[in-house]
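I have placed the structure first, in the form of structure tokens, so that the comments after it can refer back to it.
The values are calculated or read from the model by the stated rules, or taken from the named source; none is laboratory data. Every value quoted in this text rests on a predicted model; they were computed, and no experiment measured them. Please note: Cβ atoms are built from the backbone with ideal geometry, for glycine as well, and neighbour counts cover all protein chains shown.
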Amino acid sequence: MIGLLLAAGGGRRMGNRPKALLEYGGRPMVEHALGVLRAGGCARVRVVLGAAAQEVIATADLGDAEVVLNPDWETGMGSSLRVGLTGLSADAALIGLVDTPGVTAEAVARVISSGADLAAASYAGHRGHPVLISARYFAEARDGAVGDAGARSLLRAHAGELRLVECGDVASPDDVDTPEQLARLRARS
């Protein structure tokens, strides 16, 4: 299983601080997210960077992760998903977001072990991250990834095939978009 970590955002609502470099648990959020994907069962990880990519590469310990650059990161998460899936050689990809530090290795492992071709973590019945997409959906996911929608159109089009995997007991779906959200998340951890 390959992990696909979308970490290209510029953090406009964070005062233009790239989310990949925000501190969480004493290290950059990109390091935390990489560790979660690896600990959850992703043998390989591809990281999509955009905003301040060279600073992220120079500052964060990305280990053996494959780094791909999204030159269109400002257009939204959809462009990062397209870049991340392009040329990806894998049976499936588990997609994680750098700004959801409450997602745990346990949640990643549950979604991976679902055995589904299309699966997503669920929190009290509401779809969240991470999301697993088998290779047969890669082209459709790329084609539908526009703006900040990511894989939303793919998941809607195949709602009957999508397996929701409850993870609310082991993870939090909260994303970090503002300094206040980051402060609350840090206070809880």
(request) Take segment 120-134 and flag every residue that is out of contact with any Leu (no Cβ under 8 Å at 6 or more places or on another chain), over 21 Å from A7 (Cβ atoms) and of a type outside the set (A, V, I, L, M). (result) Y123, H126
(request) Looking only at segment 140-153, count how many residues are part of a helix (DSSP H, G or I) and exposed (fewer than 15 other Cβ atoms within 10 Å of the Cβ). (result) 1
(message) Report every pair of residues separated by at least 6 positions or lying on different chains whose Cβ atoms are under 9 Å apart, first residue within segment 103-123 and farther than 13 Å from L164 by Cβ, second of a type in the set (D, E, K, R) and outside any helix (DSSP H, G or I).
(response) E106/D169; G115/R163; D117/E161; D117/R163
(request) Quick one: G78 ticks every box in (1) surrounded by fewer than 20 Cβ atoms within 10 Å (Cβ to Cβ); (2) assigned to a helix (DSSP H, G or I) except a single one, so which number is it? (result) (1)
(request) State all residues of segment 149-189 that are closer than 22 Å to A8 by Cβ and of a type in the set (A, V, I, L, M); if no residue qualifies, say none. (result) A149, A151, L154, L155, V176, L182, L185
(request) Look through segment 154-189, keep the residues that are assigned to a helix (DSSP H, G or I) and modelled with pLDDT of 90 or more, and return whichever of them is farthest from P101 (Cα to Cα). (result) A157
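Matching residues to (1) of a type in the set (K, R); (2) in contact (Cβ under 8 Å) with a residue 40 or more places away in the chain; (3) touching a helix residue (DSSP H, G or I) at 6+ places or on another chain (Cβ under 8 Å):
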| position | (1), (2), (3) |
| --- | --- |
| Y137 | no, no, yes |
| D143 | no, no, no |
| A157 | no, no, yes |
| E161 | no, yes, no |
| L164 | no, yes, no |
| G168 | no, yes, no |
| A171 | no, yes, yes |
| E180 | no, no, no |
| L185 | no, yes, no |
(request) Taking the options G3, G9, name whichever one is in a strand (DSSP E or B) and either touching a helix residue (DSSP H, G or I) at 6+ places or on another chain (Cβ under 6 Å) or in contact (Cβ under 8 Å) with a residue 24 or more places away in the chain (or both). (result) G3
(request) Identify, by number, the condition in (1) in a helix (DSSP H, G or I); (2) more than 15 Å from L132 (Cβ to Cβ) that V68 doesn't meet. (result) (1)
(request) Would you point out the residue of segment 24-51, among those that are aliphatic (A, V, I, L, M) and surrounded by fewer than 20 Cβ atoms within 10 Å (Cβ to Cβ), that is modelled with the highest pLDDT? (result) A39
(message) The conditions are (1) within 18 Å of A8 (Cβ to Cβ); (2) surrounded by 20 or more Cβ atoms within 10 Å (Cβ to Cβ); (3) in contact with a strand residue (DSSP E or B) (Cβ under 9 Å, 6 or more places away or on another chain), and L69 fails exactly one of them. Which is it?
(response) (2)
(message) Against the conditions (1) farther than 17 Å from I2 by Cα; (2) of a type outside the set (F, W, Y); (3) modelled with pLDDT under 95; (4) not in a helix (DSSP H, G or I), where does G87 fall short? Just the number, please.
(response) (1)
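Within segment 90-109, can you find the residues that are closer than 25 Å to R186 by Cβ and not in a loop (DSSP other than H, G, I, E, B)?
Scanning segment 90-109 gives I95, G96, L97, A105, E106, A107, V108, A109.
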